[in-house]
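Enquirer: One structure, as structure tokens, below. Some questions next.
We did not get these values from a lab; they are worked out from the coordinates using the rules stated. Owing to the predicted nature of the structure, the values given are computational and were not obtained by experimental measurement. Reconstructed Cβ throughout: ideal geometry from the backbone, glycine too, with neighbour counts over all protein chains shown.
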Amino acid sequence: MSYEIKEQGRYEIHRVPDGDRYLLLDGTPYAITADYFTISEGSQGDLWALSPDDFELLTNGGADERLERVREGSYKLIHFQDEEQFQNIPYLFLEWNGKYEELYIPDGLPQKPDEEVRFIYTDHTIRADSLESYLETTRPAGEDLAEAAEDEPPVEDYFDLTAHELALKIRAMEPAELRQLESYEARHKNRTTVINTIRNQLRH
């Protein structure tokens with residue numbers, strides 16, 4: 001039984017008067033086809049990536065089209081493996097009023113503008129403290145107890161580096177090193193600026 005946190009941070013949901021909704025994950029915009037707040041258990045919808053320019057046009061639309069932020073909170077994108085409570089697919093957890101709502105995203109998040117994936121809104125919730133406790137007592141993927149105890153930082157002098165100093169090193173790192181650093185950063189300092197810098201570098 002294990003899991004891997006693929007992404008985590010802050011999310012926002014915006015909408016326009018006609019009901020179209022847009023999801024921001026740490027500032028990265030996605031469009032949602034289904035009416036997020038009224039779809040029933042097991043309903044499916046599409047989630048596709050937008051370019052920052054396209055989202056900027058929506059943000060600065062006319063009075064009848066301007067986006068309204070309707071909610072925000074923390075999110076986690078987690079892939080569970082051999083867990084009794086969860087299927088072996090990526091889950092997107094969106095925190096709201098002390099609980100996390102669940103979306104299945106079998107193919108993960110779209111990675112480039114206009115790429116589209118299917119999601120399933122489960123209509124299930126899990127208390128935020130229950131999910132955090134579950135993750136603390138479950139082994140992250142690829143780690144046994146001995147490895148977790150040693151847990152060497154992937155960057156020399158990691159704990160002495162500021163976020164800016166670490167960002168300079170990130171620009172010279174390979175994708176495998178970036179993913180390792182992202183996982184380590186999430187488990188230790190969990191600085192949003194550092195994680196966003198890593199993800200931006202991975203997109204290049």
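Enquirer: First measure r as the distance between the Cβ atoms of LEU135 and ARG203, then evaluate 1/(1 + (r/R0)^6) with R0 = 35 Å and state the FRET efficiency to the nearest 0.05.
Expert: Once rounded, the FRET efficiency stands at 0.85.
Enquirer: Further question: Length gain on complete extension for the stretch GLU68 to GLN81, per 0.36 nm per residue less the alpha carbon to alpha carbon distance?
Expert: 1.0 nm
Enquirer: Okay, moving on. Which FRET efficiency, nearest 0.05, do THR33 and ALA176 yield, Cβ-Cβ r, R0 35 Å?
Expert: 0.55
Enquirer: In whole Hz, what ³J(HN,Hα) sequence does segment 113-129 give by Karplus (6.51, -1.76, 1.60; θ = phi - 60°), x for Gly and Pro?
Expert: x, 6, 6, 10, 10, 8, 10, 10, 8, 8, 6, 9, 10, 9, 4, 4, 5
Enquirer: Scaled to the compact-protein estimate 2.2 N^0.38 Å, what is the alpha-carbon radius of gyration of segment 2-137, rounded to two decimal places?
Expert: The value comes to 1.05.
Enquirer: Could you compute the FRET efficiency for ARG127 and SER51, with r as their C-beta to C-beta distance and R0 at 35 Å, rounded to 0.05?
Expert: My answer for the efficiency is 0.45.
Enquirer: Give me the lysines in straight-line cross-link reach of LYS189: C-alpha distance below 18 Å, same-chain residues under 8 apart excluded.
Expert: Result set, ordered by chain and number: LYS6, LYS76, LYS169.
Enquirer: If packing is taken as the average count of other Cβ atoms within 10 Å, what order do 154-160, 104-110, 21-27 fall into, highest mean first?
Expert: The densest-packed peptide leads the list: 21-27, 104-110, 154-160.
Enquirer: Figure the gain on full extension for ASP157 and ASN60 (residue separation times 0.36 nm, minus the Cα-Cα span) and round it to one decimal in nm.
Expert: Result for the pair: 30.6 nm of gain on full extension.
Enquirer: Which GluC sites (Glu not before Pro) in segment 103-135 pass both tests, a DSSP loop state and at most 14 other beta-carbon atoms within 10 Å?
Expert: The qualifying sites are GLU115.
Enquirer: Amide H to amide H, which residues 5 or more places from ARG21 or on other chains are under 5 Å from it, using H placed in the peptide plane?
Expert: ILE32
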